[in-house]
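Trainee: Have a look at the structure that comes next, please.
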Number of protein chains: 4
Amino acid sequence: MSAPGNWGRWGPDDERGALNLVDAEATRRGLSAVRAGEPISLGLPMRTGQGPVAGIRAPMQHFMTRDGGDYAAGLPEKPGYGYADDSIMVACHGTTHLDALSHVWRDGLMWNGYPAARVTSRGAARCGIEKAGPIVTRGLFLDFAADGDGLSPGEPIGVDRLDAAAEAAGLRPAAGDALIVRTGWLRQWREGRATVESWPGLDADCADWLADHDISVVGADNIGVEVGPSTVRGSAMPLHVTALRDLGIAFLELLDLEALAGRAVSELLLVVAPLNIVGGVGSPCAPVAVI
Amino acid sequence: MSAPGNWGRWGPDDERGALNLVDAEATRRGLSAVRAGEPISLGLPMRTGQGPVAGIRAPMQHFMTRDGGDYAAGLPEKPGYGYADDSIMVACHGTTHLDALSHVWRDGLMWNGYPAARVTSRGAARCGIEKAGPIVTRGLFLDFAADGDGLSPGEPIGVDRLDAAAEAAGLRPAAGDALIVRTGWLRQWREGRATVESWPGLDADCADWLADHDISVVGADNIGVEVGPSTVRGSAMPLHVTALRDLGIAFLELLDLEALAGRAVSELLLVVAPLNIVGGVGSPCAPVAVI
Amino acid sequence: MSAPGNWGRWGPDDERGALNLVDAEATRRGLSAVRAGEPISLGLPMRTGQGPVAGIRAPMQHFMTRDGGDYAAGLPEKPGYGYADDSIMVACHGTTHLDALSHVWRDGLMWNGYPAARVTSRGAARCGIEKAGPIVTRGLFLDFAADGDGLSPGEPIGVDRLDAAAEAAGLRPAAGDALIVRTGWLRQWREGRATVESWPGLDADCADWLADHDISVVGADNIGVEVGPSTVRGSAMPLHVTALRDLGIAFLELLDLEALAGRAVSELLLVVAPLNIVGGVGSPCAPVAVI
Amino acid sequence: MSAPGNWGRWGPDDERGALNLVDAEATRRGLSAVRAGEPISLGLPMRTGQGPVAGIRAPMQHFMTRDGGDYAAGLPEKPGYGYADDSIMVACHGTTHLDALSHVWRDGLMWNGYPAARVTSRGAARCGIEKAGPIVTRGLFLDFAADGDGLSPGEPIGVDRLDAAAEAAGLRPAAGDALIVRTGWLRQWREGRATVESWPGLDADCADWLADHDISVVGADNIGVEVGPSTVRGSAMPLHVTALRDLGIAFLELLDLEALAGRAVSELLLVVAPLNIVGGVGSPCAPVAVI
């Protein structure tokens, strides 16, 4: 059996996968995609106890370790200033985040054939999130919820729909581009019309599309980029396996794409700057789209 | 007494301060500064228990909530995949971070005259970090440690030195630019030659320079951008007061600028994407320089 | 207006309130109450993401920082042993806990007249939980759920019912005794028959009973000892104010009393050992009943 | 090779080890040891960032999620009361704590032969701390620092010294008793005269003494009960292996025994109430001595 997808393509020691496709040309292509010169955050608001996946992962907590209330209660400013401090406790995959290539494996092997056993309580000795960032490339934005309520829970987006949407938008994917998909799920969830049990997303056959176009990063406004629950029998996360693990493509999940809706934008500059968590299998982040 | 610095300049309800100076023109200027098309992370590595300020603030903790060890110990993959998950506990000002305008005040008033009392255990009701990002602008990079060991602990960089360095680099600051200063302290600290007690940095008189050039963001490879300890009697953090509080300029602290050293770069594209912590008085982040 | 309840009774500097009533005699009375010599934990199980009040306060998190999986994944034992380590993140009032006297106030004053402003981000400078423990005294156990399903949500237990139950059990309260009340709410909640919105508990008039008998500690198998929601207009937590704040009586909440049900026990030795959190306004704990 | 120590003694499914020795008789013996009727906490104060082992494990953090400062800053009391809330983040072995029998193993096997692989990111499926408590028994208190400065760093207490001290105190150990040893290390550490690198404690040969007397719990005012560093070549924690793992004896570490010094007490009632952390490999706690 030959090695899956892109394994070995960037050498046996590679830990960055398809992010290697983001070369200077891809970065410049991203810079050239900017029209209005307007940066937009794609990161969800983070509030104590809130968030789409609070029922699945531990909700984020924000702690103030010093604040204005302390001064109101009598703490004197000294010398010449007062200040506030804070801390956060956050599940790395519990809000907008980038998956590291160490996040997922199959048959005990993650990207490039590294054993899953390299990921222990000490973190990921291989393919940690610190190997991923920063990402500066062109983003192809496909809005499947542009004309209304968004897709239905569990509705898959197959290769044919990807092709049609890209063509309609006049997009010609190039190596190293990012694909950003809006399904409408996040808006539905905010409005109480959707749950974390089921969401629209990319179908399993999209792995071929991502491979054919040498996509470096794929993101969506849902929980797992790919449709949930899975449409493939016996595989709960087929695209995570074939795209993240086999192709080495980074996943951006729980993107907040609402500010891009209705902007008539189909390409943009995407900047993703995960925290440099050494051995992290993911990082909360607030990706930036510059349109 | 007139209002300090820029208070009121962007209206009585403004919570973004000098970040308002980063308009489309400033963003495009930043994009135009890119030469090689190479993104560089300015974020410190984050490891459990490590970091420059572990003695001052709580050290970062990285927890694995599921990992490859669990599978090695017998957990079966199902259905069709295995995965790892993690969480972090981090002091927002304990690693590379952006200060929110709610981080510092004097005489009970923060930026634009908002009472410090608006910052409570619930977070900052005004000027939270979620109001700041994303920042995409040109960065002016001044390397005061380019030719050797870096500046001395407690050594101030005054306006004259800023001017001389900018002129030597051929830089002409424009409204909305970011100023990024390398002092060499971080390298010294890593090599055990410096402590968190004292560091080189901007002197108090630099507030005028920042104001005159309408700088939006100022950052450095030290603990507080400004020199520490303070050179001003009776004021422990004079530049925080006159620049962050009075002028509304955002501070980037604990930048890792080592990868920029020796690159013969003096301007770059700077992208800062703080986490959208609602009411946060700062956010850990990994700013990106694109050179 | 005279000082409320017990304020001043143990001097103007007192921070222990009615726990002062637990003298050597009360402790010996507790020791003498033991019959079978059997210790029983009254602490709820603590599991990541679970617990009665997860919707109100942040759920507990248990992190393994080293475990057997790490060794299964290849970490060698050295020298001569292997080990596991863990950490917890827990809301002090989110599982079985003892309230400190700094937990509640009214009109800006807590127990003994201390200003609420003494409780800041640094913790409680007065009446912190470290002043409370350890508590070793006799516990009077009244089981209002002994004969069936337990009381109804929102059902108040008034003084008359306390008196009747104590008399039926042949109990004669003495100064320094603890009162432990089983309502059946916890069992109902576990079985999905009750929510955190409403629970049976002591009615507001019980403050007199507690005062008359010089009770030192009061606990129950519900969220707030007193009935919820409150039966008193304009006061959400009347017994917390009149008993904890005015009388200085410590509150034990979310007790797991299921193991005491059906044991035909009405008095017992109660040992409460809160963590010595300096300035804590409460502490998770697992009180011990010795029957 | 026969099974080590007590393995199998309480059946193949046992997870409590020598705590089985604490029967009703042992509990009553403890109750009978009380003279003055005075409870004393043996738990260290817990403060953010402080503690003996902050350099080894993550220091404790105490967060206020609501406090009096919030009210001073304008939050109205409603309806009829104000309150404070808090959370803690604590390494279970980073302050006074009870080790679970799942804390330590050798050759991949913990107490009673359970595989170490049963301890994963989900916690300890066998021998979790929730199986241990509560403990109510007689404590034998031996104070090796009674007459001065305490033992020297790295000074071992061998069986001969245990015997001599017990005899001098007129103690006759009985099955199920706890052994509590004061070395003086904690006081030295507090006064800056000792470090976490080296401490006095029980020597490896004490395992026989603990076995011969059927001791249930052993505790000390140092980091690991046993002397550190180890006196046994090739074994960093010999007593943890022979006493905790082989005999099933629970370890109480970082006890604060200062309040017992000079009290002329040699036996006492010991109550240990670990938090019911399901799958915990240890628990912070504040054991109670009643003298």
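Trainee: Take every DSSP beta bridge whose two residues both sit in chain D, then give the antiparallel share in percent to the nearest 5.
Mentor: Counting only bridges with both partners in chain D, antiparallel ones make up about 65 percent.
Trainee: For the protein assembly as shown, what size does the Cα cloud have along each of its three principal axes, sorted from largest down, in whole Å?
Mentor: On the principal axes, the protein assembly as shown reaches 85, 77, 60 Å in Cα extent.
Trainee: Right, next: Let me understand chain A better: what is its radius of gyration from the alpha carbons, and its Dmax, in angstrom?
Mentor: Rg and Dmax of chain A, Cα atoms, are 19.8, 71 Å.
Trainee: What fraction of the DSSP beta bridges in the protein assembly as shown is antiparallel, stated in percent and rounded to the nearest 5?
Mentor: Roughly 65 percent of the beta bridges in the protein assembly as shown run antiparallel, per DSSP.
Trainee: I've got another one for you. Suppose we take every Cα in region A:77-200 and form the convex hull; what volume per residue is that in Å³?
Mentor: 242
Trainee: Right, next: Which value, in Å², gives the accessible area per residue of chain D when a 1.4 Å probe is used on the protein heavy atoms?
Mentor: 33
Trainee: Counting only other chains, what is the mean number of Cβ atoms within 10 angstrom of the Cβ of each residue in peptide B:240-251?
Mentor: Partner-chain Cβ atoms within 10 Å, mean over residues of B:240-251: 1.
Trainee: In addition: Along the Cα-to-Cβ line of A:Arg35, 7 Å from the Cα, sits a label point; which residues in region A:136-160 have backbone N less than 11 Å from it?
Mentor: From region A:136-160, the list is empty.
Trainee: Based on alpha-carbon centroids, what's the gap between region B:179-254 and region C:62-123 in Å, whole number please?
Mentor: Their Cα centres are 35 Å away from one another.
Trainee: Give me a single rounded figure for B:285-291: the average over its residues of other chain Cβ atoms within 10 Å of their Cβ.
Mentor: 5
Trainee: For the pair A:Val196 and C:Glu191, how long in nm is the line joining their label points, each one 7 Å along Cα→Cβ?
Mentor: 2.9
Trainee: Here's another thing I want to ask about it. Over the Cα atoms of region D:152-266, how large are the radius of gyration and the largest Cα-Cα distance (Dmax), in Å?
Mentor: Cα radius of gyration and Dmax of region D:152-266 are 13.4, 39 Å respectively.
Trainee: Using helices alone, I'd like the mean residue ellipticity at 222 nm for chain B: each DSSP H run of four-plus residues gives -39500 (n - 2.57), total over residue count, nearest 500.
Mentor: My calculation for chain B gives -3500 deg cm²/dmol from helical runs alone.
Trainee: Taking beta carbons within 10 Å but only from partner chains, what does the mean come to for residues C:265-278?
Mentor: 6
Trainee: Now a separate question. Pop the C-beta distance of B:Lys78 and D:Lys78 into the FRET formula with R0 = 45 Å and round what comes out to the nearest 0.05.
Mentor: The value I calculate is 0.35.
Trainee: Explain nothing, just compute: Karplus ³J(HN,Hα) = 6.51 cos²θ - 1.76 cosθ + 1.60, θ = phi - 60°, for every residue of region D:79-84 in order, whole Hz, x for Gly and Pro.
Mentor: x, x, 6, x, 7, 10
Trainee: Over region A:46-94, what per residue volume does the convex hull of the Cα atoms give, in whole Å³?
Mentor: 76
Trainee: Then there's this: Within region A:130-149, list the residues whose amide N lies under 14 Å from a label point set 7 Å along Cα→Cβ of A:Arg172.
Mentor: none
Trainee: Kirkwood Rh, Cα Rg: Rg to Rh for region D:1-97?
Mentor: That ratio equals 1.19.
Trainee: Please give the helix C:159-168 orientation as an angle from the longest Cα principal axis of chain C, in degrees from 0 to 90, rounded to the nearest 10.
Mentor: Roughly 80 degrees, rounded to the nearest 10.
Trainee: Please check which bits of region B:169-211 a label hung off B:Arg233 would reach, taking the label as a point 7 Å along Cα-to-C-beta and the cut-off as backbone N under 18 Å.
Mentor: B:204-205
The values are calculated or read from the model by the stated rules, or taken from the named source; none is laboratory data. The structure displayed is predicted, hence computed values, not measured ones. Note that we place each Cβ from the backbone using ideal geometry, even for glycine, and neighbour counts take in every protein chain shown. Ligands, DNA and RNA are stripped out before the accessible areas are found, and what is left, the full protein with its side chains, is counted by its heavy atoms. Shrake-Rupley method; radii C 1.70, N 1.55, O 1.52, S 1.80 Å.
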